[in-house]
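See below for the structure under consideration.
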Amino acid sequence: MTKLDAPTAKRGRPPKARAAGAADTRDLILDAAEDLFSKHGFYGVTIREVAREAGVDTALVHYYFGAKRGLFDAVFLRRAEVWNNERVDAINRYARETGLDSMTLEGLFEAFLRPPFQWSLKGGPGWKHYSALVAQTNANPTFGGETMARYFDPAIRRLIELIKQIMPEAAEVDLYWAYHNLSGALTLTLGETGRLDRLSGGLCRSGDLETAGDYMVRYAAAGFRAVCGPAKSR
């Protein structure tokens, strides 16, 4: 029996929740919410639907997370910490081991971009759902900018600091526009929408994240050079 086939939870704490304990119950709720938010968006999901998917009472969702926005933020933060901590660690390690004077854009972007691709490849269904959720949130005009800023900006600012070491003459405005374009390409790619498959007539597969990651590193490096490098005219 799948989660969707499970009977509607009754009032009170259900057997599944009692057996799992508080920490596991929270994870059950977060997993269910992450799956539903990634498919239907923030506005297309109700607390009642999350509770039914998790096999818990609605009151238990409110107990742990409050209103729906609190639940969404908890879903977003859970993997954002892992994702961004690994990215910052990777680029700091690259800078330390390579030396600031020897860094390349390709090496820096390889370090920064590889963790999200690897988690989506090998982390299981939850990370697939999370990648799709990030793609949706990054394009959400209502609260996407605030949410992305809260959870992702520290890692991005560290990346830009290191890019400045490689491209000291780059203008601030160019660096931020270049990253903005990379951010859109990255989240769309990790969303695995299947658009690329249809557009290319099957020549490319959006689920081929190993190949996508390699292309993204080259694309990012070339894009930053084109946007932020010396230009004959502006």
Restricting the range 92-120 to residues that are among the hydrophobic types (A, V, I, L, M, F, W, C) and open to solvent by 60 Å² or more (accessible area, probe 1.4 Å), which is modelled with the lowest pLDDT?
-> Leu100
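To keep it simple, each residue is scored yes or no on (1) of a type outside the set (Gly, Ala, Ser); (2) under 10 Å from the mean Cα position of the chain (by Cα); (3) at positive phi.
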site: Leu105; (1), (2), (3): yes, no, no
site: Phe109; (1), (2), (3): yes, no, no
site: Arg114; (1), (2), (3): yes, no, no
site: Phe117; (1), (2), (3): yes, yes, no
site: Leu121; (1), (2), (3): yes, no, no
site: Gly126; (1), (2), (3): no, no, no
site: Ala132; (1), (2), (3): no, yes, no
site: Asn138; (1), (2), (3): yes, yes, no
site: Gly145; (1), (2), (3): no, no, no
Looking only at helices (runs of 4 or more DSSP H) that fall completely inside the range 130-232, which ones have 1 or more residues that are open to solvent by less than 30 Å² (accessible area, probe 1.4 Å)?
-> 144-166, 172-190, 209-228
Of all residues in the range 31-76, which are touching a Leu at 6+ places or on another chain (Cβ under 8 Å), charged (D, E, K, R) and open to solvent by 10 Å² or more (accessible area, probe 1.4 Å)?
-> Glu49, Glu53
Would you please list the contacts, defined by Cβ atoms under 6 Å and residues six or more apart or on different chains, that run from a residue in the range 43-56 that is under 17 Å from Asp73 (Cα atoms) to a residue that is among the charged types (D, E, K, R) and open to solvent by less than 70 Å² (accessible area, probe 1.4 Å)?
-> Ile47/Lys68
Tabulated pairs, the range 189-212, first touching a residue at least 24 places away in the same chain (Cβ under 8 Å), second open to solvent by 50 Å² or more (accessible area, probe 1.4 Å), C-beta under 8 angstrom, 6+ apart or interchain | Gly191/Gln136; Glu192/Lys128; Leu209/Leu121; Leu209/Glu192; Glu210/Leu121
Could you say whether any residue in the range 77-91 is touching a Pro at 6+ places or on another chain (Cβ under 6 Å), open to solvent by 10 Å² or more (accessible area, probe 1.4 Å), acidic (Asp, Glu) and under 20 Å from Tyr130 (Cβ atoms)?
-> yes
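The values are calculated or read from the model by the stated rules, or taken from the named source; none is laboratory data. For clarity, every value in this text was computed on a predicted model and none was experimentally measured. Cβ coordinates were reconstructed from backbone atoms using ideal geometry, including for glycine residues, and neighbour counts include every protein chain displayed. For the accessible areas, the whole protein counts, side chains as well, though only heavy atoms, and no ligand, DNA or RNA atoms are used. Shrake-Rupley method; radii C 1.70, N 1.55, O 1.52, S 1.80 Å.
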